[in-house]
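Report on one structure; see the data block that follows.
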Amino acid sequence: MEKVFKNNNDGTLSVTCTYQKEEYAPIASKVQINLCKNVTVKGFRKGKAPIETAIRYIKPEDVYNGMINKLIDKDFASLLDGYDASTVANIHPSLKVDYDDKKKEYKLAYTFYLLPTSEVKKSTDLKVKATKKKVTDEEINSKIDALLVDNAELVPSEDKASENGDHVIIDFTGYVDGKEFDGGSANDYELVLGSNSFVPGFESQLIGMKEDEKRTIEVTFPENYVASLAGKKAKFSVKCKAVKKVVKPELNDDFASSLDSYKVKTVEELKAKIKEDLGKQHEQEARDEKLNKVLQAIAKDTKAIYSQHYLDVMSKQIQNNQVNQIKQYGLDLDSYLKLIGLSKEQFETNCKNQAVQEANSFAILQGVAKANKLEVSQEELENYFGGKEKFDQLMDTAKKQQGKNPNFSIEAYLDNVKQSLLDQKVKNFLIDNN
């Protein structure tokens, strides 16, 4: 079998396998013999008729299909031997079969789909800047206040009217055009006033309510709300069953030392640690901003190469991932789209746009890696798993698992890890060299 690779420079790779008659004829003959074993000829038991007789009952297309399938099974696993398989996407290839009657040879032309790539002209000294914000006292105080709220107690208040920030326990029933509507009623619902988790105008009309008080409030649903309610007026019959006040702890050294995640003893140490954490956060934000600007600058002079089929498969994968996430909330896709006011066409377009964005980003990162000869070394891979000793232990365990389960591939897993490490290496390179 002669094998020829051809990168079509359109995001696809052609792998053409040519089989001469002396290669495929014996396979066709074996297929024919096996088919004869299932032929029933009058006067003979099943599979016992002479070959020359049984052959007359076999369809030529069955022999052809059987032969082609045998050729595929024989060589498919080694099709990419001799080519850098790490550049090939995990997408099943297409196949076209041709027969040359003159040469008496079959050609099996596979089309593989390549991962996005690009030829990057310039990726350093792009003069891109990003400003790191300074940590302000306001930010520190805001974080401390959030910690106080997180550790606050809810104290029932029977005689005080509700205020913003209070928790109210309510029963409510909603009406549109005098009729109850689906999803508009609940009992013992705990709502934080000022959280803006309900339709605009709902929470503000609950301010001032006391325990056992009843009110009728009116709201208008936004135009971008669920289609069946968008723009409509509604009335809610509400009963306040309880008002709970948020009582924050006192900010002192005892409170500071009680915060396990900060491991400090005093308020001053807590403020210093918060300032340090916010500083790291602002530094990461500045790095992210710089990286985005660098990628945008590179993209202006770079053409990403990938096939439409690759995009279609990735877009479908993104859709499936999102549908699976939606199912975790007990919804199907149609219900979810109705809830957020999005059509199926808009949902699919969003997924396609995300696929394009991810493909372009991947292509640029790969192009930068190639242009600057950035690779992930074996040592870097081992360090990711905690060093050579732990890596070797992992490989031993993986090989045993692979022996038990042929579908388990440690190589595929390591390729994903290496790709993730390479992406981060390229990003750090772009930030540090621009």
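Structure above, values below:
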{"quantity": "Qualifying residue in segment 229-239 (condition: open to solvent by less than 70 Å² (accessible area, probe 1.4 Å), closer than 19 Å to Glu163 by Cβ, without any contact (Cβ under 8 Å) to a residue 24 or more places away in the chain and not aromatic (Phe, Trp, Tyr))", "calculated": "no"}
{"quantity": "Total residues in segment 171-206, condition within 14 Å of Val219 (Cα to Cα), in contact with a strand residue (DSSP E or B) (Cβ under 9 Å, 6 or more places away or on another chain) and open to solvent by 80 Å² or more (accessible area, probe 1.4 Å)", "calculated": "2"}
{"quantity": "Pairs, first closer than 20 Å to Ile33 by Cβ in segment 70-83, second open to solvent by less than 80 Å² (accessible area, probe 1.4 Å) and aliphatic (A, V, I, L, M), C-beta under 6 Å, six or more apart", "calculated": "Lys70/Ile27"}
{"quantity": "Selected residue [on the phi < 0 side of the Ramachandran plot and at pLDDT below 90] from Ser86, Ser185", "calculated": "Ser86"}
{"quantity": "Count of segment 110-123 residues which are closer than 18 Å to Val15 by Cα and open to solvent by 30 Å² or more (accessible area, probe 1.4 Å)", "calculated": "2"}
{"quantity": "Members of segment 44-60 found to be under 20 Å from Ala28 (Cβ atoms), in a loop (DSSP other than H, G, I, E, B) and open to solvent by 50 Å² or more (accessible area, probe 1.4 Å), listed by number", "calculated": "Lys59"}
{"quantity": "Number of the condition not met by Val376 [criteria: (1) in contact (Cβ under 8 Å) with a residue 60 or more places away in the chain; (2) not in a helix (DSSP H, G or I)]", "calculated": "(1)"}
{"quantity": "Subset of segment 284-304 [part of a helix (DSSP H, G or I), closer than 15 Å to Thr124 by Cα and open to solvent by 70 Å² or more (accessible area, probe 1.4 Å)]", "calculated": "Asn292, Lys293, Gln296, Lys300"}
{"quantity": "Checklist (1) among the hydrophobic types (A, V, I, L, M, F, W, C); (2) in contact with a helix residue (DSSP H, G or I) (Cβ under 6 Å, 6 or more places away or on another chain); (3) part of a strand (DSSP E or B) applied to Val155, failing item", "calculated": "(2)"}
{"quantity": "Selection from segment 10-34 of residues that are among the hydrophobic types (A, V, I, L, M, F, W, C) and over 30 Å from Glu119 (Cβ atoms)", "calculated": "Ala25, Ile27, Ala28, Val31, Ile33"}
{"quantity": "Selection status of Asp260, part of a helix (DSSP H, G or I) and either at pLDDT below 95 or loosely packed, with under 15 Cβ neighbours inside 10 Å (or both)", "calculated": "no"}
{"quantity": "Those residues of segment 322-336 which are closer than 20 Å to Lys352 by Cα and surrounded by 14 or more Cβ atoms within 10 Å (Cβ to Cβ), in sequence order", "calculated": "Gln322, Val323, Ile326, Leu333, Tyr336"}
{"quantity": "Qualifying residue in segment 354-364 (condition: more than 18 Å from the chain's Cα centre (by Cα) and in a helix (DSSP H, G or I))", "calculated": "yes"}
{"quantity": "Every pair of residues 6+ apart whose Cβ atoms lie under 9 Å, when the first sits in segment 244-273 and is under 12 Å from Asp150 (Cβ atoms) and in contact (Cβ under 8 Å) with a residue 60 or more places away in the chain while the second is aromatic (Phe, Trp, Tyr) and open to solvent by less than 60 Å² (accessible area, probe 1.4 Å)", "calculated": "Pro249/Phe255"}
{"quantity": "Leading residue by the ranking (surrounded by the fewest Cβ atoms within 10 Å (Cβ to Cβ)) among those in segment 147-170 that are of a type in the set (A, V, I, L, M) and under 30 Å from Tyr225 (Cβ atoms)", "calculated": "Val149"}
{"quantity": "Positions within segment 126-150 being in a loop (DSSP other than H, G, I, E, B), out of contact with any helix residue (DSSP H, G or I) (no Cβ under 6 Å at 6 or more places or on another chain) and modelled with pLDDT of 95 or more, in sequence order", "calculated": "Lys134, Thr136"}
{"quantity": "Within segment 209-228, considering residues that are assigned to a loop (DSSP other than H, G, I, E, B) and either loosely packed, with under 12 Cβ neighbours inside 10 Å or acidic (Asp, Glu) (or both), the one modelled with the lowest pLDDT", "calculated": "Asn224"}
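The values are calculated or read from the model by the stated rules, or taken from the named source; none is laboratory data. This is a predicted model, so every value here is computed, not measured. Ideal geometry is used to build each Cβ from the backbone, glycine not excepted, and the neighbour counts take in all protein chains shown. The area values use the complete protein model at the heavy-atom level, side chains included, leaving out ligands, DNA and RNA. Shrake-Rupley method; radii C 1.70, N 1.55, O 1.52, S 1.80 Å.
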